[in-house]
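First up is the structure itself, then whatever we jot down about it.
What follows draws every value from the coordinates through simple rules; no lab data is involved. The model shown is predicted, which means the values in this text are computed figures rather than measured ones. Cβ sites come from the backbone with ideal geometry, for glycine too, and all protein chains shown count toward neighbours.
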Amino acid sequence: MLFAIAWRNVWRNARRSIITMSALALGVAGIVTLFSYREVANEAIVADLTAGLVGHMQVHALGYQEAPAIGLTVENPVQVEAALRGALPGATSERRVIGAGLAGSGDRSSPVMVLGVEPGVSNLYTLEAGHPPGAKEVLVGRALADDLGVKPADELVLVSQGKDGSVANDRYTVAGTFVSSSAELDGNAVVLPLAEAQSFFALGEGVHQLVVRLPLQKEDVTPETAALRNALDLETLEALSWAEMLPQMKASIDNKRKNQGFVDFIIFVIVGLGVFNAMTMAVFERTRELGVLGALGTRPRRVLAMVLLEALWQGALAFAVGVAVAAAVLYGIGTVDLSSMLGGDVMGVKMPSHLELKLLPGSLKGAAVTAFFTAIVGALLPALRAMRLEPVEALRHT
Amino acid sequence: MSLLVTVALFLAADPPPDLPKCPSGEDAPDVVQLMKRTEALLEGRSSIAVMSMGMKTPSYERTVKMKLWSKGRDFALVRVLEGGPRETGMMTLKREKQLWNYLPQAGRVMKLPSGMMGDSWMGSDFTNDDLVRGSSLAQDFTSTVEKTFEHDGRKAWFVTLKPKPDAKTVWGKVELILDRASCVPLEQRFFDDEGALARRMAYSDLKQLGWRTFPMKLTMYPSENGRQTTITYESMELDVDVADDTFSLRRLQQGRE
């Protein structure tokens with residue numbers, strides 16, 4: 001009965017209720033849209049990082065993250081991989097060798113990052129021209145290829161220092177050029193098959209990074225990292241999550257979330273004041289009617305509930321409309337190209353170029369809390385006032 | 001004094017007539033004359049030498065045997081006679097301020113980009129820049145004889161060198177310990193701009209070569225713990241004619257010394 005009365009009361013002054021609900025609905029739509037947009041972007045960035053350059057976690061020789069050196073290698077990758085599969089069922093791993101060197105072709109030379117990856121396993125790069133590298137073959141980042149003036153089938157000379165201190169030098173054929181999710185790789189990296197890189201740097205079986213990927217995409221890998229650490233010999237090895245390896249990227253994502261909380265709060269306050277105003281007016285207009293209810297013996301608590309329910313009805317309607325508006329906006333825009341913004345590159349990580357916007361269920365929680373909480377808080381003071389009305393005085397109200 | 005120029009000895013029976021004598025008897029010698037003498041001892045016109053370079057780091061220890069040709073301050077060629085399998089036959093050519101490396105495994109020559117001058121040469125504690133730098137300490141620094149003292153049982157002068165205002169140097173201060181008997185350096189300490197000791201070079205095995213006394217062994221101790229590079233001269237032909245062709249880039253590209 002109370003719900004029905006509250007529902008009827010919503011429409012007693014339809015124009016005012018619609019205006020109040022519009023404000024609420026816009027607030028909800030804003031929160032849902034911003035949340036979904038931000039989280040879709042975060043998810044895409046984290047997915048790019050974990051699928052490509054960084055992985056969910058990495059295993060290195062102890063101290064490598066702090067000060068990478070050619071001699072700091074994981075000596076027994078097979079054993080470590082067995083341990084990590086035991087600790088993280090379903091996880092995959094990728095071996096990598098990374099060193100600095102000098103690449104030259106003809107008269108041109110340039111400092112480069114020499115990267116050894118497992119052919120067919122690594123999805124660090126996308127082949128742009130040519131074919132995957134075989135023995136004595138390399139891939140060159142597109143921007144680096146332009147700098148060095150090389151194209152597929154050209155010759156490339158690499159020089160560096162081996163793990164044993166000797167001068168590593170060799171001549172390779174450029175198999176192709178690649179693009180990747182990292183501007184740094186495109187501009188600096190020469191990719192070799194893992195075995196070629198291991199022999200170039202005189203590493204034996206050793207690798208610098210074991211890139212670990214979990215079977216399910218997720219952002220917070222703290223428990224998995226802890227499980228991995230338990231399975232490793234931490235006297236010689238280190239295991240780090242992507243967030244530990246890219247603390248600035250993690251901080252940037254966390255900051256954006258914090259800022260969103262602040263924006264939500266502002267929306268909440270503005271919309272809440274609107275509800276407060278509308279409900280104050282509604283109670284004021286119905287003073288005599290409330291007096292009659294009181295005189296007939298309606299309990300003050302029921303009066304309180306009646307007013308609050310009226311606000312909640314509006315909150316519910318506004319929530320539904322707001323979510324519909326947000327969905328229309330998100331799916332209406334469809335895809336966003338983040339790579340054209342911010343120079344396409346944040347902290348060396350290229351932003352995703354094809355972002356499919358969608359309404360994330362996670363956004364509804366915040367929006368629902370905002371809508372209903374706003375409605376209740378906005379209506380609370382007027383409702384308390386209605387509850388405390390003295391019937392005799394209320395009846396005299398003109 | 002660059003590494004390559006250091007051995008560019010000019011062996012003659014007599015010193016050049018205008019060269020100041022070593023002021024062994026003086027407690028506070030004229031520093032300009034002293035530095036002139038010291039540099040003349042270590043620098044010359046041309047040389048052919050065989051040396052071995054030993055490198056010690058916490059993770060590896062190795063020795064490379066090399067042959068060196070040099071002419072004046074501007075031209076030098078080093079060829080690795082014995083080293084790791086990929087570096088035997090490697091050559092480094094210095095022509096004035098530029099360096100080229102012949103890479104035997106690749107069979108190619110690569111010019112060293114200017115950005116890599118500060119990098120290690122062949123994994124040693126010498127940098128490429130050490131090979132190239134041809135300027136003299138006496139030119140870039142203002143020297144002062146601070147005191148006379150005993151160093152490793154030898155009477156020595158303690159000389160400090162401060163960079164001149166327009167000098168192109170990476171060092172904030174250099175300390176030089178000179179043997180009073182021969183004017184040969186016994187030790188050299190390089191400090192960075194903040195005054196921290198960046199590296200130390202010890203000279204030993206002093207040997208009489210004609211009119212000169214010459215240190216046959218150099219040991220470089222960088223600030224990094226557990227590292228050192230030692231150069232030991234095994235043989236030297238001094239004051240020999242070295243053909244200009246030796247330093248030709250074309251020859252280097254053909255992999256010929």
Rounded to the nearest 20 debye, dipole of chain A from Cβ charges on Lys, Arg, Asp, Glu: 3120
Hz values of 3J(HN,Hα) by residue in segment A:377-389 - Karplus curve (6.51, -1.76, 1.60), Gly and Pro given as x: 5, x, 8, 5, 5, x, 5, 5, 5, 4, 5, 8, 4
Cα-based helix-to-principal-axis angle, B:31-42 vs chain B, degrees rounded to 10: 30
Three-way shape label, chain B, alpha-carbon gyration tensor, a/c 1.5: prolate
Most mobile listed residue (A:Lys250, A:Lys163, A:Lys258) in chain A, GNM with C-alpha springs under 10 Å: A:Lys258
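With both bridge residues required to lie in the protein assembly as shown, what share of the DSSP beta bridges run antiparallel, to the nearest 5%? Before the final figure, lay out each step's value.
On the way: 130 of 140 bridges.
So the antiparallel bridges in the protein assembly as shown amount to around 95 percent.
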Total formal charge among the other residues, if their Cβ is under 14 angstrom from that of A:Asp233, Lys/Arg +1 and Asp/Glu -1: -3
Other-chain or far-sequence residues with amide H under 5 Å of A:Lys163's (modelled H): A:Ala202
Local net charge near A:Glu224, Cβ-Cβ under 13 Å (Lys/Arg +1, Asp/Glu -1): +1
0 to 90° range, to nearest 10: angle between helix A:247-285 axis and chain A longest Cα axis: 10
FRET efficiency, 1/(1 + (r/R0)^6) with R0 56 Å, evaluated for B:Leu19 and A:Thr173 via beta carbons: 0.50
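Taking 0.36 nm per intervening residue step and subtracting the Cα-Cα distance, what contour gain separates B:Glu194 from B:Asn225 on full extension?
On the way: separation 31, 0.36 × 31 = 11.16 nm, distance 1.91 nm.
Separation in residues times 0.36 nm, less the Cα-Cα distance, equals 9.2 nm.
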Efficiency of FRET between A:Lys358 and A:Arg108 - r from beta-carbon atoms, R0 60 angstrom, step 0.05: 0.85
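For the pair A:Val369 and B:Ser248, what calculated FRET efficiency results from E = 1/(1 + (r/R0)^6), where r is the Cβ-Cβ distance and R0 = 60 Å, to the nearest 0.05?
Details: r = 80 Å, r/R0 = 1.33.
So, using R0 = 60 Å, E works out to roughly 0.15.
For chain B, what is the mean residue ellipticity at 222 nm derived from helices alone (per DSSP H run of n ≥ 4: -39500 (n - 2.57); sum divided by total residues; nearest 500 deg cm²/dmol)?
On the way: 5 runs with 30 residues, N = 257.
Here the helix-only value at 222 nm equals -2500 deg cm²/dmol.
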Folded to 0 to 90 degrees: helix A:222-231 orientation relative to chain A principal axis, Cα: 40
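Please tell me which of these pairs span more than 25 angstrom C-alpha to C-alpha: A:Lys151/B:Lys94; A:Lys218/A:Lys365; A:Lys163/B:Lys168? Each step should come with its number before you reach the end.
Numbers: A:Lys151/B:Lys94 31 Å; A:Lys218/A:Lys365 20 Å; A:Lys163/B:Lys168 33 Å.
Flagged as over cut-off: A:Lys151/B:Lys94; A:Lys163/B:Lys168.
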Cut-off 13 Å between beta-carbons: net charge of the residues surrounding A:Ala87, Lys and Arg +1, Asp and Glu -1: -1
Virtual paramagnetic centre 7 Å along Cα→Cβ of A:Val263, amide N under 14 Å, in segment A:38-58: A:38-42
Derived scalar couplings ³J(HN,Hα) [segment A:21-38; Karplus, 6.51 cos²θ - 1.76 cosθ + 1.60; whole Hz; x for Gly, Pro]: 5, 4, 4, 4, 5, 5, x, 4, 4, x, 5, 5, 5, 4, 4, 5, 4, 5
